[in-house]
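The values are calculated or read from the model by the stated rules, or taken from the named source; none is laboratory data. As the structure is a prediction and not an experimental result, all values here were calculated from the model. We place every Cβ from the backbone using ideal geometry, glycine too, and count neighbours over all the protein chains shown. Heavy atoms of the whole protein, side chains included, go into the accessibility calculation; ligands, DNA and RNA do not. Shrake-Rupley method; radii C 1.70, N 1.55, O 1.52, S 1.80 Å.
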Amino acid sequence: QVQLVESGGGLVQAGGSLRLSCVASGSIFSASAVSWYRQAPGNERELVARIIRFQPTKYADSVNGRFTISRDNAKNTVYLQMDSLKPEDTAVYYCNVVLYGLGYWGQGTQVTVSS
């Protein structure tokens, strides 16, 4: 079983940047997919960005061009660089890793963007 711990959230003004990190307790080298999701109050959890092995990286239309997902297998870490943040990006952000067909979630990190 893999445990995921997100960090890097916080309060930022519109137009600012944050970098989220998701550290796995074990190797993610064999992960078939690593993703970031977010959930705002009253909304369903939505996909923000995903890296799928041997496929193009996928971004939600609302963040395309502003957010960048990356993975560092040597550090067992997945990152989400968020630039040009908007108030509508306010949400709890969750990391997800799919490893040997099983999906794992972190506890989430709050991102709040003030106008």
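Data table
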| quantity | calculated |
| --- | --- |
| Percentage relative contact order, the chain, counting C-alpha pairs under 8 Å, at least six apart | 37 percent |
| Region 49-98: chymotrypsin sites (Phe, Trp or Tyr not before Pro) in DSSP loop, at most 12 other beta carbons within 10 Å | 54 |
| Rh by Kirkwood over Cα pairs, then Stokes-Einstein D for the chain at 1.002 mPa s and 20 °C, µm²/s | 153 µm²/s |
| Charge dipole (the chain, unit charges on Cβ, about Cα centre) - positive-most of 109, 97, 37 | 97 |
| Surface accessible to a 1.4 Å probe, per residue, for the residues of the chain, Å² | 54 Å² |
| Residue-count net charge about residue 24 - beta-carbon cut-off 14 Å; Lys, Arg +1, Asp, Glu -1 | 0 |
| Share of carbon and sulfur in the accessible heavy-atom surface of the chain [1.4 Å probe, %] | 49 percent |
